[in-house]
Amino acid sequence: MIKFREYFNKSSQIYDIKKDSINALFRAICDERNSNISGYYKLPYDKKSILESSSYIKDNVKFLNNISNLIIIGIGGSSLGLKAIDTMLSHLSYRKNINLKFLEHTDPIKIEKSLKKIKLSDSLFIVISKSGGTIETLSLMKYVLKKYKIFKNEANKKHLCFITDKGSPIESFGNFKNIKTLTIDKNIGGRFSVLSTIGVLPLMILGYRVDKILLGARKISNNFFDRKEEHILKKALFLGNNRDKFHINILFSYSSVFKDFNSWYVQLWGESLGKLNSFGRKTALTPIALIGSIDQHSFLQLIVQGVMDKSVTFLSLHQKSYEKPKIPNISLKFLESSNFVNGSSFASLLQKQQLSTMEAIQKEGVPTDYIEIKELNEESVGSLIMYYELLTSAAGKVLDINAYDQPGVELGKKILVTKFKEKNK
């Protein structure tokens with residue numbers, strides 16, 4: 001379903017990871033999981049999100065069967081994971097014909113454009129804020145409440161739903177206004193939350209088989225803790241031990257369906273791994289996300305002949321699973337040099353472009369690895385999500401940081417409040 005291939009040892013002379021280091025890192029991850037520092041470890045096994053989401057859908061089946069728009073009001077971890085999964089799976093035939101939109105930006109032009117043709121009568125707004133105090137989310141929610149007169153009558157309230165932490169201000173507000181509110185555990189960080197109700201409810205409304213997504217995540221998790229996915233530990237150790245040399249990590253995804261997954265990866269990696277370590281030293285593994293073959297014509301030059309401070313992970317689909325469409329077997333006057341690809345599938349061309357790029361990068365000594373998805377479906381997507389979450393946790397341990405907080409982000413929020421208070425003096 002999904003294959004992971006390592007090439008670090010072929011492309012770098014400093015790949016030397018001891019078995020003792022691998023065992024020590026594995027014990028550290030097990031201790032972290034058992035201490036419940038982050039609740040994401042439990043999500044592939046937790047039935048709460050499925051049961052509560054199913055109950056909500058059953059109670060509102062007639063209403064949900066008539067909606068044309070599902071609008072998510074949320075930012076960062078409250079939207080990126082959901083958007084990534086929908087983009088990767090929207091080709092599935094049973095995905096319902098519902099327009100999924102995101103209100104996640106306070107840009108006034110974007111706000112008005114996003115809501116231009118949206119009517120309350122055929123729309124559901126889901127407000128997602130873990131803390132219940134995200135200023136962008138609350139501001140956008142206020143705008144929607146006023147624009148669509150949500151509290152004008154009880155019938156309008158059905159078009160609004162909240163997902164938040166237990167005990168958050170939004171939960172209190174939802175209970176006060178009699179708005180359907182679903183909660184998740186506080187120790188599930190936003191960027192690790194897509195396998196919780198935050199992702200499960202919207203994905204179920206869209207018609208996806210969410211149980212299969214959780215199954216894929218569960219398989220990777222089970223294999224990892226059964227010591228059958230050692231490549232995750234080895235990769236985390238390689239990246240962490242060589243943080244000063246290869247401090248930039250590139251995800252080079254060879255399909256446009258991975259565009260939003262790339263954005264999710266950038267948040268997960270950047271917000272989790274850019275921290276002060278226990279000695280107060282600033283440390284980071286900086287994420288960059290590219291799409292092939294488009295970025296072969298831009299960023300590839302920098303990778304091949306720029307500073308040797310990058311590692312590259314290639315992500316692609318197995319070309320034999322996507323035989324159509326094909327390049328027509330047509331020879332055009334003056335353009336005969338392109339005939340060598342005639343009759344091939346576009347997937348085959350894309351794969352060969354990826355393999356050629358990977359070979360060129362490896363010849364320069366750039367560390368690489370490769371993830372190949374045989375078929376893009378719920379199970380493989382769940383596996384991919386869980387793989388990156390486990391890798392992030394492992395890398396955090398090697399870097400000696402807390403992968404689950406975001407003090408730099410919180411500092412920015414405090415400064416924003418101060419600026420508005422100064423303005424109103």
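Would you please give the residues with an amide H less than 5 Å from that of Ile288, counting only those at least 5 places away or on a separate chain, with H modeled from the backbone geometry?
Asn249, Ile250, Leu251
What does the charge dipole of the chain about its Cα centre add up to, to the nearest 20 debye, if the Cβ of each Lys and Arg holds +1 and the Cβ of each Asp and Glu holds -1?
Values: 63 positive and 41 negative charges, 282 e Å.
Rounded to the nearest 20 debye, it is 1360 debye.
Ser172: net charge of surrounding residues, Cβ under 15 Å, Lys/Arg +1, Asp/Glu -1, itself excluded?
On the way: positive: Lys130, Lys166, Lys177, Lys180, Lys186; negative: Asp165, Glu171.
Residues near Ser172 contribute +3 overall.
Most mobile of Thr164, Thr87, Thr392 per a Gaussian network model of the chain (Cα springs, under 10 Å)?
It is Thr87.
With θ taken as phi - 60° and the coefficients 6.51, -1.76 and 1.60, list the Karplus ³J(HN,Hα) couplings across the stretch 85-94 in order, rounded to whole Hz; mark glycine and proline as x.
Running phi through 6.51 cos²θ - 1.76 cosθ + 1.60 with θ = phi - 60° gives 5, 5, 5, 6, 10, 5, 6, 5, 5, 8 Hz.
Let's test the formula: R0 of 25 Å, r as the Cβ-Cβ distance of Asn342 and Met1. What FRET efficiency results, to the nearest 0.05?
Details: r = 32 Å, r/R0 = 1.27.
It comes to 0.20.
Can you give me the C-alpha center-to-center distance between the stretch 219-292 and the stretch 177-214, rounded to a whole angstrom?
Taking the Cα centre of each part, the stretch 219-292 and the stretch 177-214 sit 24 Å apart.
Straight distance only, please: which aspartates and glutamates reach the Cα of Lys324 with their own Cα at less than 13 Å, same-chain residues fewer than 8 apart left out?
Here the aspartates and glutamates satisfying the reach criterion relative to Lys324 do not exist.
Take Val266 and Lys158, extend 7 Å from each Cα along the Cα→Cβ direction, and tell me the distance between the two endpoints in nm.
4.0
Nearest 20 debye, what's the magnitude of the dipole of the stretch 241-335 about its Cα centre given +1 on Lys and Arg Cβ and -1 on Asp and Glu Cβ?
Numbers: 11 positive and 6 negative charges, 23 e Å.
Here the size comes out at about 100 debye.
Under a Cβ-Cβ cut-off of 15 Å, what is the net charge of the residues other than Glu323 that fall near it, where Lys and Arg count +1 and Asp and Glu count -1?
Values: positive: Lys320, Lys324, Lys326, Lys352, Lys374; negative: Glu375.
Within the 15 Å Cβ shell, the charges total +4.
Sort 177-187, 40-50 by packing, meaning the average of other beta carbons within 10 Å per residue, with the highest value first. Could you put the intermediate results ahead of the total?
Values: 177-187: 17.5, 40-50: 19.2.
Going by the mean number of other Cβ atoms within 10 Å, highest first, we get 40-50, 177-187.
Measure out, as a whole number of angstrom, how far apart the alpha-carbon centroids of the stretch 302-331 and the stretch 336-413 sit.
Each part's Cα centre sits 11 Å from the other's.
Once you've got the Cα coordinates, tell me which of Lys83/Lys212; Lys146/Lys166; Lys18/Lys234 are over 21 Å apart. Spell out each step's value before the answer.
Working: Lys83/Lys212 17 Å; Lys146/Lys166 26 Å; Lys18/Lys234 9 Å.
Long pairs (Cα-Cα over 21 Å): Lys146/Lys166.
If we count every other residue with Cβ under 12 angstrom of Leu399's Cβ, Lys/Arg +1 and Asp/Glu -1, where does the sum land?
Net of charged neighbours comes to +3.
Treating only the Cβ atoms of Lys and Arg (+1) and Asp and Glu (-1) as charged, compute the dipole magnitude of the stretch 108-167 about its Cα centre; round to the nearest 20 debye.
Numbers: 14 positive and 5 negative charges, 50 e Å.
So the magnitude is around 240 debye.
Bin width 5 Å, origin at 0, all Cα-Cα pairs of the stretch 259-385: what percent of pairs per bin?
For the stretch 259-385, the pair-distance distribution reads 2, 9, 14, 17, 18, 15, 11, 6, 4, 2, 1, 1, 0, 0.
Please give the contour-minus-distance gain from Tyr45 to Lys110: 0.36 nm per residue of separation, less the Cα-Cα distance, rounded to one decimal in nm. Walk me through the numbers before you get to the answer.
Numbers: separation 65, 0.36 × 65 = 23.40 nm, distance 3.77 nm.
Full-extension gain reported as 19.6 nm.
Can you list residues from other chains, or at least 5 along the same chain, whose modelled amide H is less than 5 Å from the amide H of Tyr404?
Amide H to amide H, under 5 Å and 5 or more residues apart or across chains, Tyr404 pairs with nothing.
Laboratory data are not the source of any read-out in this text; all were calculated from the coordinates shown. Just so you know, these numbers come straight off a predicted model, no measurement behind them. Here Cβ is always computed from backbone atoms with ideal geometry, including for glycine, and neighbour counts include all displayed protein chains.
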